[in-house]
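Undergrad: Input: one structure, supplied below.
The values are calculated or read from the model by the stated rules, or taken from the named source; none is laboratory data. Predicted, not measured: the structure shown is a model, and the values here were computed from it. In this analysis, Cβ positions are derived from the backbone assuming ideal geometry, glycine residues included, and neighbour counts consider all displayed protein chains. Surface areas here come from the heavy atoms of the whole protein model, side chains and all, with no ligands, DNA or RNA. Shrake-Rupley method; radii C 1.70, N 1.55, O 1.52, S 1.80 Å.
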Amino acid sequence: MNNKARGFFEERPLPTFDVDPQVLRRRTRRDVLLFGAGAVAALAGAGSLLPHSPRKEWILNRALRIDDHVAEALYSPRRTVPTYTKSQITPLKNNYNGATPDPGYIPGWHLTLDGLASGVSVALDIRSLMKRFSIHEQITRLVCVEGWSAVAWWAGLRFDDLLRAYPPVSQAKWARVESSVNLDASGNPDPYYVSIDLATARHPQTLLATHLDGQPLTVEHGAPLRLLAPVKLGLKNVKAITRLTYVAKEVADYWAERGYSRYDGI
């Protein structure tokens, strides 16, 4: 073998590159999370092929929990959902889980805040809320877990503004959002409650909505105050909120207790 050929086949040192350690950490974290999401999808797919059994339920529930953790880790307060123009507004369904409540609750309605740094509970009526806080408008898409979505024009106070005015206890990371006026399909009392992480509550597009299409909310759409978190699926957007409770550990969630995801981010 001549020297030229021998030089071609000789082992050569690998090239080196300078990489910013911070960039490497970000890339590594993102890649691990995306790999985790793929693994979750594979796990859920495999579980769906199993015959119905406690083992299948455990696999699917475990996949949901892992998926929740991945989605939560990928969350960024700087990521906003698209906004639209009024010409792009589409009809919004009345999607109460049960029966639409009778409007008789509205005159005595108030929002109770618990778990505050002050150590006391606070009750606020709708006039107090609208008088104290700036009202913000946005046109965003509400996405339902049932497969439909709608572009709607909302207005209300920012959840973050409420948190600043009435700070939760320092260790709080979650809020229980509850509607005591919710009914089941037969018209019987069926309190509706979800857990929402305070990072999502502080998102600039998360509102406590008071208006839809330039008019005060109707009962069908959650009068007089509803949660609007466009980075979450519609089932998290509680209508007719009556209580907010801030806690350190994640609280019970209506649909998570029934086997669904708890994080429900989009």
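Undergrad: Out of all the residues in region 221-242, which are of a type in the set (S, T, N, Q) and surrounded by 22 or more Cβ atoms within 10 Å (Cβ to Cβ)?
TA: Passing the criteria: only ASN237.
Undergrad: Moving to a separate point now. Pick from THR210, THR245, THR218: which is open to solvent by 10 Å² or more (accessible area, probe 1.4 Å), under 20 Å from PRO103 (Cβ atoms) and hydroxyl-bearing (Ser, Thr, Tyr)?
TA: Going through THR210, THR245, THR218 in turn, the sole match is THR218.
Undergrad: Now, a different point. If I filter region 77-125 down to residues being touching a strand residue (DSSP E or B) at 6+ places or on another chain (Cβ under 6 Å) and under 18 Å from ASP213 (Cα atoms), which single residue comes out as surrounded by the most Cβ atoms within 10 Å (Cβ to Cβ)?
TA: Per the criteria, the residue is LEU92.
Undergrad: Same structure again: Pull up region 185-237, narrow it to residues that are of a type in the set (Val, Ile, Thr) and not in a loop (DSSP other than H, G, I, E, B), then point me to the one that is nearest to LEU157 (Cα to Cα).
TA: My answer is THR210.
Undergrad: Sticking with this structure for a sec: Kindly check whether there is at least one residue in region 157-168 that is at pLDDT 95 or above, more than 19 Å from PRO204 (Cβ to Cβ) and not β-branched (Val, Ile, Thr).
TA: no
Undergrad: Determine, yes or no, whether VAL251 is crowded, with 23+ Cβ neighbours inside 10 Å and part of a loop (DSSP other than H, G, I, E, B).
TA: Answer is no for this residue.
Undergrad: Would you call SER149 under 22 Å from TYR263 (Cα atoms) and touching an Asp or Glu at 6+ places or on another chain (Cβ under 7 Å)?
TA: no
Undergrad: Just the residues that are part of a helix (DSSP H, G or I) and either at pLDDT 95 or above or polar (S, T, N, Q) (or both), please, taken from region 69-107.
TA: Hits for region 69-107 are LYS86, SER87, GLN88, PRO103, GLY104, TYR105, ILE106, PRO107.
Undergrad: Something else now. Please work out if PRO189 is within 21 Å of VAL251 (Cβ to Cβ) and out of contact with any strand residue (DSSP E or B) (no Cβ under 6 Å at 6 or more places or on another chain).
TA: Yes, satisfied.
Undergrad: Also: Does at least one position in region 158-165 carry a residue that is in contact (Cβ under 8 Å) with a residue 60 or more places away in the chain and farther than 14 Å from LEU113 by Cα?
TA: no
Undergrad: Among the listed residues LEU129, LEU157, LEU142, which satisfies the condition of being of a type outside the set (Lys, Arg) and part of a helix (DSSP H, G or I)?
TA: Answer to the check: LEU129.
Undergrad: Residues of region 183-205 being crowded, with 18+ Cβ neighbours inside 10 Å and farther than 20 Å from LEU142 by Cα, which ones?
TA: LEU183
Undergrad: Shifting gears a bit: Give just the number: which of (1) open to solvent by 10 Å² or more (accessible area, probe 1.4 Å); (2) under 21 Å from the mean Cα position of the chain (by Cα); (3) of a type outside the set (Gly, Ala, Ser); (4) under 14 Å from THR242 (Cα atoms) does PRO168 not satisfy?
TA: The number of the failed condition is (4).
Undergrad: Under 13 Å from TYR246 (Cα atoms) and either part of a loop (DSSP other than H, G, I, E, B) or in contact with a strand residue (DSSP E or B) (Cβ under 7 Å, 6 or more places away or on another chain) (or both): is that true of VAL181 in this structure?
TA: no
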